Amino acid sequence: FRTRLHFTYDNLNSKMPSVIKIHTLVESLKLSITDQQLPMFIRIMQLGIALYYGEIGNFKDGEMEEPTCHNKDMLGNITGAEDETRI
């Protein structure tokens, strides 16, 4: 497992980087997920994708997310999706 971080700053005095790049190399990965863990893993992946695209975490004070359920639309026809939407 190798990870490289690349930070780009606007100028020499900047304290926060303007760009952060993360490169990861995994030569081999063995993963085992049980039927019970599959819906949880899918949900974690959905949250990661939503965070990446800025769909979560951008709410102002006092502002709430609309209580609509997007899980089934995002999952499509993945096996185990029905179990997660029931939870």
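The values are calculated or read from the model by the stated rules, or taken from the named source; none is laboratory data. The shown structure was predicted, so the numbers you read here are calculated from the model rather than taken from an experiment. Virtual Cβ from ideal backbone geometry, glycine too; neighbours counted across all protein chains shown. These area figures cover heavy atoms from the full protein model, side chains too; ligands, DNA and RNA do not enter into them. Shrake-Rupley method; radii C 1.70, N 1.55, O 1.52, S 1.80 Å.
Selection of first residues in the range 2-15 that are of a type in the set (D, E, K, R) and of second residues that are exposed (fewer than 10 other Cβ atoms within 10 Å of the Cβ), restricted to Cβ pairs under 6 Å at least 6 apart or on distinct chains, gives the following pairs, ordered by first then second residue: Arg2/Leu25; Arg4/His23.
When Ala50, Ala81 are checked against the criterion of being modelled with pLDDT of 90 or more, surrounded by 10 or more Cβ atoms within 10 Å (Cβ to Cβ) and within 19 Å of the chain's Cα centre (by Cα), Ala50 stands alone in meeting it.
For the range 21-47, taking the residues that are open to solvent by 100 Å² or more (accessible area, probe 1.4 Å) and β-branched (Val, Ile, Thr), the one that is modelled with the highest pLDDT is identified as Ile44.
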